[in-house]
Amino acid sequence: MLKSTCVFALVLLLSACAEKPVKRYDAKQLLVDKCASCHNLDLPPKTYEDEKAPPMMAVAFHIKSFAQTQDESQRILKARAFVKDYVMNPSASKSFCDKESLASYGVMPSQKGKLTEDELDAISAYMFERYTQENLTKEQAIQNKLNAMPKGQLLAIKNNCLSCHRVEMKLVGPSFNSMAMKYRNSPETLKNKIRNGVGYMPAFKKLSDEELEEMSKFIFSTAKP
Ligand code: HEC
Ligand code: HEC
């Protein structure tokens with residue numbers, strides 16, 4: 001009995017020690033704070049205008065594919081090591097950027113003093129978790145879905161209408177298809193309710209006439225024949 005208590009105490013002590021030195025970083029935020037002033041962080045990047053540096057997605061894909069290793073299981077570690085070295089000690093000869101791009105961007109300025117080794121370590125880990133082919137495919141599928149949506153539905157999502165309304169089901173507010181039936185002969189009333197709010201529903205005064213029109217079109221399209 002005494003023995004097992006001791007073992008238990010020892011385990012507790014060890015696990016407490018093991019956890020202590022680990023400082024958790026919000027690597028996603030670090031990337032924004034330390035790298036986004038030059039590198040576009042979107043996955044995939046939505047615009048290539050006014051680029052100061054290659055998009056982070058391109059950097060990650062690039063470095064991962066150039067990382068020299070016989071052993072595939074070491075690839076991410078090698079890629080991370082490259083990033084950690086490059087950010088502090090960049091040079092034209094180390095860069096994997098092609099000559100033309102390098103000439104147009106100029107070599108990256110060293111970030112020494114702008115972030116700690118630990119922060120950089122967290123960033124390098126996050127880069128190769130975030131920018132993967134798998135995540136890119138996922139994001140593109142979401143993007144395609146959004147692009148295929150009627151404008152009004154997209155606006156309803158963007159304006160958080162769906163936190164209180166569903167198409168067929170009453171949630172906090174009535175369903176869209178019940179509104180469609182109720183206001184089918186008075187679309188202006190429906191638009192006014194959205195613009196001015198009603199009961200617990202907040203007003204949406206910032207919506208333009210076109211946006212209101214698109215949204216009401218979407219709501220009316222949900223009516224069941
Ligand atoms: C002041 C602008 C600037 C900031 C801030 C910056 N970079 Fe860069 N970075 C560049 C430019 C420009 C290039 C392209 C030229 C080159 O390869 O040196 C580059 C290239 C790189 C490369 C090499 C790409 C390759 O294909 O060889 C890596 C890795 C990189 N950046 C990582 C980072 C990370 C991580 C951060 C944030 C900690 C960061 N950079 C912050 C400007 C910047
Ligand atoms: C915070 C929750 C909430 C949000 C967000 C919200 N609504 Fe509502 N909505 C309600 C509630 C609750 C009602 C019922 C109010 C009442 O009748 O007292 C309502 C009523 C309505 C009505 C009138 C329905 C009727 O039968 O008279 C319309 C139209 C409507 N909402 C559309 C929208 C649209 C479009 C959006 C997004 C731009 C939106 N709502 C966002 C909660 C919300």
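The values are calculated or read from the model by the stated rules, or taken from the named source; none is laboratory data. Predicted model only: the values in this text are computed from it and were never measured. Counting neighbours? That spans all protein chains shown, and the Cβs are built from the backbone with ideal geometry, glycine included. For the accessible areas, the whole protein counts, side chains as well, though only heavy atoms, and no ligand, DNA or RNA atoms are used. Shrake-Rupley method; radii C 1.70, N 1.55, O 1.52, S 1.80 Å.
Things to note:
- Average Cα contact separation per residue, the range 59-161, under 8 Å, 6 or more apart, as relative contact order %: 26 percent
- Packing-based ranking of 25-31, 213-219 yields 213-219, 25-31, ordered from highest to lowest mean Cβ neighbour count within 10 Å.
- The range 111-203: chymotrypsin sites (Phe, Trp or Tyr not before Pro) falling in loop per DSSP and having at most 10 other Cβ within 10 Å: TYR200
- Gained length - SER37 relative to ARG195, 0.36 nm times residue gap less alpha-carbon distance: 53.2 nm
- Tensor-based shape of the chain (alpha-carbon gyration tensor, a/c under 1.5 rounded, otherwise prolate or oblate): oblate
- For ALA223, neighbours were defined as the other residues whose beta-carbon sits under 15 Å from its Cβ, and their charges (Lys and Arg +1, Asp and Glu -1) total +4.
- Couplings 3J(HN,Hα) of the range 49-55, computed from phi: 7, 6, 7, 9, 7, x, x Hz, in residue order, whole Hz [Karplus 6.51 cos²θ - 1.76 cosθ + 1.60, θ = phi - 60°; x for Gly and Pro].
- Protein accessible area in the range 38-158, 1.4 Å probe - carbon and sulfur %: 54 percent
- Bridging of LYS114 to aspartates and glutamates at a Cα separation below 16 Å is possible for ASP33, ASP85, once same-chain residues fewer than 8 apart are set aside.
- Over the chain, Cα pairs under 8 Å with separation of 6+ residues give a relative contact order of 15 percent.
- Pairwise label distance in nanometres, TYR48 with ASN185, each label 7 Å out on the Cα-Cβ vector: 5.6 nm
- Restraint check, LYS34/LYS84; LYS28/LYS64; LYS138/LYS170; LYS28/LYS145; LYS145/LYS193, Cα-Cα greater than 22 Å: LYS138/LYS170; LYS28/LYS145; LYS145/LYS193
- Distance between modelled label sites at LYS78 and SER110, nm, 7 Å Cα→Cβ extension: 2.6 nm
- Entry comment: accessible area of the chain is 69 Å² per residue, from protein heavy atoms only and a probe of 1.4 Å.
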